[in-house]
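The block underneath contains the structure these notes are about, expressed in structure tokens.
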Amino acid sequence: SRAACRSVSRWDSSQRKYVHTFYPLLYMFCRTECYAAYLYFFKTLRCLSEELFGLSDALDVRCGGLDRSVYIADAYTTTWPTIILLLCWPHLARKFKEGEFLKALVNKDNLGVITKHVHLLHSCRSIPQFELLAPLIFEVWDKALDEPAFAKRFEATYFEGPWGNWHLSVSGIPGVMPTQNGIEAGHKVQKVILSVDGLRAATPIFLNTSAPKLLAQTGKKTPLTIENVTYSAYGPFAIEVALKAKRLLLVAEPHYELPEEEIDSSHYGERHFIINTGSGADNIGNMTRKRAKAFMQT
């Protein structure tokens with residue numbers, strides 16, 4: 001089964017914390033996951049967005065999450081030509097350490113260093129930074145670690161074509177990450193409601209028993225109104241993060257404000273730059289104009 005979804009972050013007063021909730025919008029059950037199935041699924045989603053919510057224009061999706069699957073990518077781009085494909089980071093973080101990747105390693109002890117490098121790439125804060133850093137890391141794997149086969153396989157699998165969109169800021173939308181954790185969580189709920197046997201039952205049994213039960217259970221918890229259909233986000237900043245930023249801004253030394261004439265259009269709104277080299281105020285380094293300009297150029 002596949003599900004189109006929306007995810008909502010909200011404050012739970014009883015638990016005194018933010019909670020992240022997954023709401024399925026559309027289910028499709030098929031025997032085989034293929035291009036035709038996904039294309040039908042996405043086109044149905046566009047049609048229903050107008051029929052159910054009265055939208056004058058068909059649903060325009062800016063980002064779409066997926067595993068490394070050509071048929072899903074093709075169906076996405078056929079339906080929404082300008083969509084940004086987000087390769088699921090949890091899948092990548094597991095896959096590059098097993099199977100053919102593991103066989104390509106000459107020295108298995110190098111896997112620890114390679115894993116750190118991959119996580120550094122995932123933490124890149126801009127597309128240019130990712131595109132500059134990745135070739136350097138591939139060269140380190142090839143030359144310094146003497147792992148040319150692994151470097152070549154990783155680059156071809158997770159960097160070339162549409163498969164390089166897996167670092168944190170690739171979507172360009174705050175809170176929208178390259179992950180399918182919401183859908184995976186939804187799959188776990190399905191298995192609890194129906195059991196594995198209920199999901200894999202014969203078609204007549206599934207249509208008459210499993211599907212009605214699943215739709216009834218999920219429908220009770222899904223507020224389907226146009227006001228509630230928003231983009232998926234993985235929670236606001238924790239209050240501790242906001243307080244730490246406020247404390248840093250109260251100290252004059254660690255931040256620097258660039259004049260407006262020194263900021264190009266691609267960095268509009270980025271005038272304040274902060275550097276923090278430690279946890280305490282005594283360990284905060286000075287943010288100079290040179291450092292601010294260097295930061296902006298990354």
Exercise for the section: Compute the relative contact order of the stretch 30-128 as a whole-number percentage, counting only Cα pairs closer than 8 Å that sit 6 or more residues apart in sequence. Expected result: 21
Exercise for the section: Report the label-to-label distance for Ser195 and Leu102 in nanometres (one decimal), using points 7 Å from each Cα along the Cα→Cβ vector. Expected result: 3.3
Practice task
Determine the order of Met177, Met28 by accessible area, beginning with the largest, at a probe radius of 1.4 Å.
Solution key: Met177, Met28
Handout entry: Whole-number Å³ per residue for the convex hull built on Cα positions in the stretch 66-125
Key = 92
Fill in the blank from the handout: Using a 1.4 Å probe on heavy atoms of the protein chains only, the accessible area for Leu145 in Å², nearest 10, reads 40
Problem - By accessible area with a 1.4 Å probe, ligands and nucleic acids excluded, highest first: order of Arg16, Arg247, Arg94 - result: Arg16, Arg247, Arg94
Completion exercise
In nm, the gap between the two label points placed 7 Å beyond Cα toward Cβ at His119 and Asp74 is 3.7
Exercise for the section: Starting from the Cα-Cα distance between Tyr40 and Gln129, subtract it from 0.36 nm times their residue separation and give me the gain in nm to one decimal. Expected result: 28.4 nm
Handout entry: Accessible area (Å², per residue) of the stretch 93-203, counting only protein heavy atoms and a probe of 1.4 Å
Key = 54
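The values are calculated or read from the model by the stated rules, or taken from the named source; none is laboratory data. Just so it is clear, the model here is predicted, and its values are computed rather than measured. Reconstructed Cβ throughout: ideal geometry from the backbone, glycine too, with neighbour counts over all protein chains shown. For accessibility, only protein heavy atoms count, side chains too; no ligands or nucleic acids. Shrake-Rupley method; radii C 1.70, N 1.55, O 1.52, S 1.80 Å.
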